[in-house]
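A quick write-up on the structure given underneath.
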Amino acid sequence: MADAARESIARELLPFKKIPAAIRWTESRNIHLTLKFIGEVPEAVPGRMAVALRGAKITVPPFSFRIVGFGKFPAGAGLHIFWAGLAESAPLRALFDWIENALAPLGIAKEDRPFSPHITLGRNKSPGDFKELFALLTEKCDLFLAECPASSFQLFSSQLTPAGPLYKVLEEFPLEQP
């Protein structure tokens, strides 16, 4: 994701961060779009995933996607995940499907929930009164944040630490040029 997009998101997040809440915010440098979350896997699996992704013919040309608005999971009065949304994008959906199909032969289960691309910006594990935060969410649910070009995607590993996650790019895969 381009630095300009991260900066735009971080700037628009400032009013949310001023509201007292037990949200653990994602550091600006760690803001990214996750297309496929795999979870904890044995040490050899990331290498096998890289081989599978390298070996499958990418059928998605470079494209752009739009980051639009803030939201939360779950619906209702609770707050577990605070996110930035993505406008509907056929190429993004195609890339997601391609990744799912490339990894399925390794026994990596396909997602059973509907495709709902978002950028996780904060997590909360505590109950609370989020009335002020939800009012601001309503105000900024359709706010244009950035347009990002996508000419490649990356396979990441993450390590959780008390100071937050550490991300490492394992391999980058270019999208097919037309």
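The values are calculated or read from the model by the stated rules, or taken from the named source; none is laboratory data. Model, not experiment: these values are computed from the prediction. Positions of Cβ are generated from backbone atoms using ideal geometry, with glycine treated the same way; all protein chains shown enter the neighbour counts.
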For segment 30-47 the number of residues that are within 23 Å of H80 (Cβ to Cβ) and free of Cβ contacts under 8 Å to residues at least 60 places away in the same chain is 3
When residues of segment 22-72 are filtered for being among the small types (G, A, S), over 22 Å from P114 (Cα atoms) and touching a helix residue (DSSP H, G or I) at 6+ places or on another chain (Cβ under 9 Å), how many remain? 4
Return yes or no: is K18 among the basic types (K, R), touching a Phe, Trp or Tyr at 6+ places or on another chain (Cβ under 9 Å) and closer than 29 Å to A146 by Cα? no
Counting only residues in segment 147-176 that are on the phi < 0 side of the Ramachandran plot and among the small types (G, A, S), the one farthest from the chain's Cα centre (by Cα) is identified as A163
Residues (of a type in the set (F, W, Y) and modelled with pLDDT of 95 or more) located in segment 66-104: F70, F82, W83, F96, W98
Within segment 37-58, does at least one residue satisfy the condition of being loosely packed, with under 15 Cβ neighbours inside 10 Å, at pLDDT 95 or above and touching a Pro at 6+ places or on another chain (Cβ under 6 Å)? no
Selection within segment 1-34 - part of a loop (DSSP other than H, G, I, E, B), among the aliphatic types (A, V, I, L, M) and surrounded by 14 or more Cβ atoms within 10 Å (Cβ to Cβ): M1, I19, A21, I23, I31, L33
Check L136, L143, L121 and return the single one that is surrounded by 13 or more Cβ atoms within 10 Å (Cβ to Cβ), modelled with pLDDT of 95 or more and either closer than 17 Å to G39 by Cα or over 19 Å from the mean Cα position of the chain (by Cα) (or both). L136
Anything in segment 65-76 that is at negative phi and surrounded by 13 or more Cβ atoms within 10 Å (Cβ to Cβ)? List them, or say none. F65, R66, I67, V68, F70, G71, K72, F73
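Any residue at all in segment 54-66 that is farther than 30 Å from A22 by Cα and assigned to a helix (DSSP H, G or I)? Quick ask: steps written out before the conclusion?
Taking segment 54-66 first, the residues farther than 30 Å from A22 by Cα are 54-65.
Cutting the leftovers down to assigned to a helix (DSSP H, G or I) gives us 54-55.
Yes, there is a match, as at least one residue in segment 54-66 is farther than 30 Å from A22 by Cα and assigned to a helix (DSSP H, G or I).
Given F130, F153, F96, which one is surrounded by 14 or more Cβ atoms within 10 Å (Cβ to Cβ), touching a residue at least 40 places away in the same chain (Cβ under 8 Å), touching a helix residue (DSSP H, G or I) at 6+ places or on another chain (Cβ under 8 Å) and not aliphatic (A, V, I, L, M)?
Only one candidate qualifies: F153.
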